[in-house]
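Take a look at the structure below.
The values are calculated or read from the model by the stated rules, or taken from the named source; none is laboratory data. Note that the coordinates shown come from a computational prediction; the quantities given were computed from them, not determined experimentally. Every residue, glycine as well, gets a Cβ built from its backbone with ideal geometry; the counts of neighbours run over all protein chains shown.
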Amino acid sequence: MNQKPDIKVELSKRVLVLDGAMGTMIQRHNLTEADYRGARFRDFTCALKGNNDILSITQPAIIGGIHRQYLEAGADIIETNTFNANRISMADYCMQPFVAEMNLASAKLARAAADEFMIADPSRPRFVAGALGPTNKTASMSPDVNNPAYRSVDFDELKDTYAEQARALIEGGVDILLLETVFDTLNAKAALFGIEMVLAQMNRTIPIMVSGTITDKSGRTLSGQTLEAFLYSLSHIDLLSIGLNCSLGAAQMRPYLEELSHKASRFVSVYPNAGLPNQFGEYDETPHEMGHHIKDFLQNQFANIVGGCCGTTPDHIRTIARMAQKATPRPVPVEEKKLRLSGLEPLTVFPGSNLIYIGERTNVAGSKKFARLIREGKYEKSP
């Protein structure tokens, strides 16, 4: 390809379609342990069945075929097969040494498929998004109910983990980095810091998408943040888009998408599950049923990028793509300049807002011990 298309230009003209679930499509192949191992890992010491990311090395024809099915269905953006291809998640399969290789292989497979379709139809750009999942650890919460202060991972470990993955994806030729299914904003911040570090080292720029997940009808992430607080927590990064995926079906996701659409001063993405899982953990929402909800999103101009997550197939994406072709892109609202802060809840400071105390719990007038520590210069001590 001579000159890479600019995704921002495409998003200003039309709604783009993201592909559907990789895992759902892999399950259709009923792969065995031997299939996952392939010739390369025939004698590997750990069990590999279920490690979908290694299939980019051991079964590249299957992964490449899935990419092509989604492109044929009308996807404008395809994700690399790298949701768990990070050093933390790969520890479950004893495959940490192969992380860079599997990301590089996955990126090249998706790149080849996208380029193939762009050569066939140069008028329609196709993009490759390097998928970075949330890992199976959280930096904000303790996994030990008896020790709330304990953390199984820290910021620096997450930063380095994501940096390794991002570098290999970029070297493999992705157009975008997609940090998805974010359930802990601290994890996401570490990831973004790691990505920025790699980009600086490589002297590169690349669009970054972030997609969070609302875990239930409380409207919060797993770490407890409201959607608005999540948005403000990442406002320091120049993101291509921010959005929602996984956990919920489109119907349950609608109120949160509507809120995000009104408050986000950047492009918005949404790719829900095919409904909620049934008692067997499977997803029953048909392309027609899911399409009904996506049509509502598009008619109300809630999103700039639409696609599917768990349980979705090329048939779902085909239905979504037909609707996206007729949709008007969501206009990106201009952000008002205000002080916006966030913890678990958002805080916006504006003319006429109530009196706001800053540092009220660290007040030399309210604590003799705190006052003494300040006088003695012992700033690291806890009052």
R40: passes all of (1) more than 22 Å from A113 (Cα to Cα); (2) surrounded by 15 or more Cβ atoms within 10 Å (Cβ to Cβ); (3) free of Cβ contacts under 8 Å to residues at least 40 places away in the same chain but (2)
Quick count over the range 176-188, residues being touching a helix residue (DSSP H, G or I) at 6+ places or on another chain (Cβ under 7 Å) and crowded, with 21+ Cβ neighbours inside 10 Å, is 5
What's the number of the only condition in (1) polar (S, T, N, Q); (2) under 16 Å from Y256 (Cβ atoms); (3) over 14 Å from the mean Cα position of the chain (by Cα) that S211 fails to meet? (3)
So L298, is it buried (at least 19 other Cβ atoms within 10 Å of the Cβ) and either more than 19 Å from the chain's Cα centre (by Cα) or not hydrophobic (A, V, I, L, M, F, W, C) (or both): yes
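Kindly indicate whether M323 is surrounded by fewer than 23 Cβ atoms within 10 Å (Cβ to Cβ), assigned by TED's automatic domain parsing to the domain that holds L18 and either at positive phi or of a type in the set (A, V, I, L, M) (or both). Walk me through it before giving the result.
On the way: surrounded by fewer than 23 Cβ atoms within 10 Å (Cβ to Cβ): yes; assigned by TED's automatic domain parsing to the domain that holds L18: yes; either at positive phi or of a type in the set (A, V, I, L, M) (or both): yes.
So M323 passes the test.
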Residues within the range 35-61 that are in a helix (DSSP H, G or I) and farther than 20 Å from A100 by Cα, tallied: 1
Within the range 107-163, the count of residues that are out of contact with any strand residue (DSSP E or B) (no Cβ under 8 Å at 6 or more places or on another chain), in contact (Cβ under 8 Å) with a residue 12 or more places away in the chain and assigned to a loop (DSSP other than H, G, I, E, B) comes to 13
Selection from the range 79-90 of residues touching a residue at least 60 places away in the same chain (Cβ under 8 Å) and not in a loop (DSSP other than H, G, I, E, B) yields E79, R87, I88
